[in-house]
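S.K.: The structure that follows is given in the form of structure tokens.
The values are calculated or read from the model by the stated rules, or taken from the named source; none is laboratory data. Predicted model only: the values in this text are computed from it and were never measured. In this analysis, Cβ positions are derived from the backbone assuming ideal geometry, glycine residues included, and neighbour counts consider all displayed protein chains.
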Amino acid sequence: MKIFDTIKQRAAVLTLQKELKKLHRVSAFNNFESATTVGFIFDADDREKFQLVKEFMDFVEKQNNRIFGIGFTSKSDQIAYFPYKQGIDYFGLNEINWFGKPTNIAINDFLKRNFDILIDLSLSDIFHTEFIFALSNAKFKIVNTSGKSKYADFIIDMKNTEKLNVYIEQIKHYLKVVQGKNSSN
């Protein structure tokens, strides 16, 4: 079984590397003031974390930003019970191929969007969220210290804490400090 897992991981990495070669992305620093669209990648399995994500998305939306999100759940049958919000989609384990590449059509649509900011709130190194984060055309990508950091423009060191609320507060703080491309200051 371990050999099969190694083959799957190598196939996943090779596929991601191949698709990254096709990606032509323009980076630009943005904050909530200069941005108009913000994308979120999040884990929808934990109710408490999911509530924090929803509150943060509401906060960002109140900053006059259009928000989009893609949430992952390991329990695919639970997707029908998530609240509907325009621009927010979910995918489960039954929507990834044998080596972990997401196959959900909503993910393809998410990847086509040119977000001003993309924030990974998943706090994990699972391949399907890494795949989405890496292949996004977002101008400004934010992530915690993880395997996805090699695809990010801004990395927030969580100092050995896995607390989503701390991470969100750090994002809010730093995006107040960062001067966006349209800022007049």
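S.K.: Please indicate, with yes or no, whether at least one residue in the range 52-70 is β-branched (Val, Ile, Thr), touching a residue at least 60 places away in the same chain (Cβ under 8 Å) and out of contact with any Leu (no Cβ under 7 Å at 6 or more places or on another chain).
M.R.: Looking through the range 52-70, at least one residue is β-branched (Val, Ile, Thr), touching a residue at least 60 places away in the same chain (Cβ under 8 Å) and out of contact with any Leu (no Cβ under 7 Å at 6 or more places or on another chain).
S.K.: Which condition from (1) farther than 19 Å from LYS85 by Cβ; (2) over 10 Å from the mean Cα position of the chain (by Cα) is the one that ASP109 breaks?
M.R.: Of everything listed in (1) farther than 19 Å from LYS85 by Cβ; (2) over 10 Å from the mean Cα position of the chain (by Cα), ASP109 misses just condition (1).
S.K.: Quick check: anything in the range 31-39 in a helix (DSSP H, G or I) and under 19 Å from GLN170 (Cβ atoms)?
M.R.: Within the range 31-39 (the criterion being in a helix (DSSP H, G or I) and under 19 Å from GLN170 (Cβ atoms)), the answer is no, since none of the residues qualifies.
S.K.: I'm told GLY87 meets every condition in (1) on the phi > 0 side of the Ramachandran plot; (2) within 11 Å of the chain's Cα centre (by Cα) except one. Can you identify the failing condition by its number?
M.R.: (2)
S.K.: Take residues that are touching a residue at least 24 places away in the same chain (Cβ under 8 Å) and farther than 17 Å from ALA12 by Cβ and tell me which of the strands (runs of 3 or more DSSP E) falling wholly in the range 71-185 contain 2 or more.
M.R.: Strands (runs of 3 or more DSSP E) meeting the threshold: 88-92, 117-120, 141-144.
S.K.: Moving on to the next point. Given the conditions (1) surrounded by 17 or more Cβ atoms within 10 Å (Cβ to Cβ); (2) over 18 Å from the mean Cα position of the chain (by Cα), which single one is not true for ILE7?
M.R.: (1)
S.K.: I've got another one for you. Assuming GLN78 fulfils every condition listed in (1) touching a Phe, Trp or Tyr at 6+ places or on another chain (Cβ under 6 Å); (2) on the phi < 0 side of the Ramachandran plot apart from one, which condition is it?
M.R.: That leaves (1) as the condition not met.
S.K.: Return a yes/no flag: does the range 40-50 have any residue that is among the aromatic types (Phe, Trp, Tyr), assigned to a helix (DSSP H, G or I) and free of Cβ contacts under 8 Å to residues at least 60 places away in the same chain.
M.R.: Checked against the condition, which is being among the aromatic types (Phe, Trp, Tyr), assigned to a helix (DSSP H, G or I) and free of Cβ contacts under 8 Å to residues at least 60 places away in the same chain, the range 40-50 yields at least one hit.
S.K.: Right, next: If you scan the range 20-38, which residues turn out to be surrounded by fewer than 12 Cβ atoms within 10 Å (Cβ to Cβ) and not β-branched (Val, Ile, Thr)?
M.R.: Matches in the range 20-38: LYS21, LYS22, HIS24, SER27.
S.K.: Output the number of the condition that LYS150 fails; it satisfies all remaining conditions of (1) among the basic types (Lys, Arg); (2) within 24 Å of ASP5 (Cα to Cα); (3) surrounded by 21 or more Cβ atoms within 10 Å (Cβ to Cβ); (4) modelled with pLDDT of 90 or more.
M.R.: Answer for LYS150: the failing condition is (3).
S.K.: In the range 64-113, which residue that is surrounded by 12 or more Cβ atoms within 10 Å (Cβ to Cβ) and among the small types (Gly, Ala, Ser) is modelled with the lowest pLDDT?
M.R.: SER76
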